[in-house]
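What follows is a set of notes on a single structure, which appears directly below.
The values are calculated or read from the model by the stated rules, or taken from the named source; none is laboratory data. Predicted, not measured: the structure shown is a model, and the values here were computed from it. Cβ sites come from the backbone with ideal geometry, for glycine too, and all protein chains shown count toward neighbours.
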Ligand code: FES
Ligand SMILES: [Fe+2]
């Protein structure tokens with residue numbers, strides 16, 4: 001491969017006295033903090049999986065170059081499992097969902113027998129998209145808007161207007177091309193590869209880790225989408241580390257352990273970060289008291305002051321977890337008593353290659369998706385969904401429709417979006433525009449044309465790029 005794009009696999013010169021990758025932020029670790037919780041976390045959260053992956057720089061041309069981008073299109077976006085929609089987006093026969101990535105468009109269709117199929121969203125007459133736009137739809141068959149060729153929901157050819165003119169169109173040869181689908185956790189995945197690795201293998205540790213987190217029993221409470229002026233990897237990498245909190249989100253330091261986040265990598269497709277809440281940032285010179293930590297994180301009305309009081313022997317984490325366990329249970333009519341304090345209040349974030357981020361925690365229940373737009377390496381569609389528990393004994397609420405936020409608009413315009421949370425996403429997305437422009441600037445000025453990463457806090461970015469390389473070079477992939 002062109003040297004311009006290549007990450008070296010050689011470790012650096014190890015200029016620190018410690019073995020590279022062994023240094024950690026001074027202060028308590030995630031495991032020490034959650035180990036002291038009144039309701040400790042499940043075993044899946046008490047393990048660590050970090051390995052030093054080298055400290056070579058990452059060339060910025062990988063984020064800007066059309067040649068590298070087209071290799072990603074061919075080797076990643078045509079070969080990997082990608083979350084296309086939630087099952088709840090297509091509950092009835094004839095419901096469909098168009099998923100688009102780069103130049104590709106796939107239509108996912110609920111069948112009459114309740115199974116799901118997916119097809120390339122292009123007419124076999126003269127290529128027109130059967131459904132022109134992304135998102136949800138419904139029809140009893142799949143009919144092209146140009147000349148009306150029509151397919152049954154299972155992809156078999158149903159009707160060709162003026163069939164007398166097409167004696168060469170044999171129905172058996174004009175079945176819509178099928179795309180592989182897989183189901184996990186209420187998500188519908190597609191894979192454009194004609195012989196893909198089974199989804200269950202591809203997911204690696206995810207099914208085991210998420211076994212008790214019930215992602216299938218959640219519904220889409222909020223769905224936001226925004227076009228970002230950056231590469232799909234640039235966008236995603238902003239959410240793989242917590243190192244930027246001190247500079248980008250200083251308001252979070254009174255309540256989140258940012259520098260002592262735990263980072264884990266599993267196989268080629270999965271990584272995790274685990275950040276504790278209800279604690280002081282190790283960066284804070286004047287740590288807040290336990291009561292002040294509660295006050296910073298949860299500003300309640302006077303009726304809950306008593307509930308939010310930290311009593312002797314209690315911690316901010318205990319009080320916050322107890323309060324949120326009750327209020328979330330009331331709000332979502334769900335029994336949350338089985339969840340540990342950590343699952344209630346902490347930020348637990350998994351990344352699934354190439355473009356999905358999932359948060360199984362209950363107070364921050366997001367899912368992200370990052371997709372290249374068309375054939376431009378400098379544009380990405382970033383979506384944020386909030387997945388809440390389906391209320392016990394209640395019908396599943398309808399999934400919230402996607403709200404599109406313009407590039408220069410704040411996420412706070414989205415109805416139902418918390419203003420403080422919107423500010424965090426605004427801070428992140430502002431960085432991304434500057435970073436992508438900075439990449440182009442670096443390339444044109446020809447000085448330092450690579451990113452330098454931290455050995456621990458940015459290991460997920462290195463892990464992610466190593467998997468990008470494996471796909472682009474057609475190397476063996478480990479589930
Ligand atoms: S292009 Fe689809 S019917 Fe003609
Ligand atoms: Fe951020």
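Check whether at least one residue in segment 424-432 is free of Cβ contacts under 8 Å to residues at least 40 places away in the same chain and away from ligand 1 (no atom under 16 Å from the Cβ), and report yes or no. Yes: one or more hits.
Flag not set for residue 320, criterion: buried (at least 19 other Cβ atoms within 10 Å of the Cβ) and within 25 Å of the chain's Cα centre (by Cα). Where the second residue is in a helix (DSSP H, G or I) and the first is in contact (Cβ under 8 Å) with a residue 40 or more places away in the chain and lies in segment 21-36, which pairs have Cβ atoms under 6 Å and are six or more apart or on separate chains? Filtered contacts from segment 21-36: 34/342. Can you spot a residue in segment 233-246 that is closer than 30 Å to residue 260 by Cβ, without any contact (Cβ under 8 Å) to a residue 40 or more places away in the chain and assigned by TED's automatic domain parsing to the domain that holds residue 343? There is at least one residue in segment 233-246 that is closer than 30 Å to residue 260 by Cβ, without any contact (Cβ under 8 Å) to a residue 40 or more places away in the chain and assigned by TED's automatic domain parsing to the domain that holds residue 343.
Where strands (runs of 3 or more DSSP E) fall entirely within segment 337-411, those with at least 1 residues that are within 30 Å of residue 466 (Cβ to Cβ) and touching a strand residue (DSSP E or B) at 6+ places or on another chain (Cβ under 6 Å) are at 347-352, 356-358, 366-372, 380-389.
Here the condition is being at positive phi and either within 16 Å of ligand 1 (Cβ to nearest atom) or in contact (Cβ under 8 Å) with a residue 40 or more places away in the chain (or both); of 454, 446, 416, it holds for 416 alone. Condition check for residue 108 on (1) in a loop (DSSP other than H, G, I, E, B); (2) at negative phi: one failure, at (1). Here 213, 184 are screened, and the one residue that is without any contact (Cβ under 8 Å) to a residue 60 or more places away in the chain and farther than 27 Å from residue 413 by Cα is 184.
Restricting attention to segment 142-171 and to residues that are more than 13 Å from ligand 1 (Cβ to nearest atom) and surrounded by 14 or more Cβ atoms within 10 Å (Cβ to Cβ), the residue that is nearest to residue 90 (Cα to Cα) turns out to be 153. Might you let me know whether segment 235-257 holds any residue that is more than 16 Å from ligand 2 (Cβ to nearest atom), part of a loop (DSSP other than H, G, I, E, B) and at pLDDT below 95? No, the conditions are met nowhere in segment 235-257. In the list 108, 101, 120, which residue meets the criterion of being within 16 Å of ligand 1 (Cβ to nearest atom) and in contact (Cβ under 8 Å) with a residue 24 or more places away in the chain? Step by step, each of 108, 101, 120 is checked, and only 120 is within 16 Å of ligand 1 (Cβ to nearest atom) and in contact (Cβ under 8 Å) with a residue 24 or more places away in the chain. With respect to the conditions (1) surrounded by fewer than 17 Cβ atoms within 10 Å (Cβ to Cβ); (2) under 33 Å from the mean Cα position of the chain (by Cα); (3) outside any helix (DSSP H, G or I), residue 201 lacks only one, and its number is (3). Among the residues of segment 428-468, the ones that are part of a loop (DSSP other than H, G, I, E, B) and loosely packed, with under 15 Cβ neighbours inside 10 Å come to 4 in all. Assess whether residue 204 counts as being at pLDDT 95 or above and away from ligand 1 (no atom under 16 Å from the Cβ). It is true that residue 204 is at pLDDT 95 or above and away from ligand 1 (no atom under 16 Å from the Cβ).
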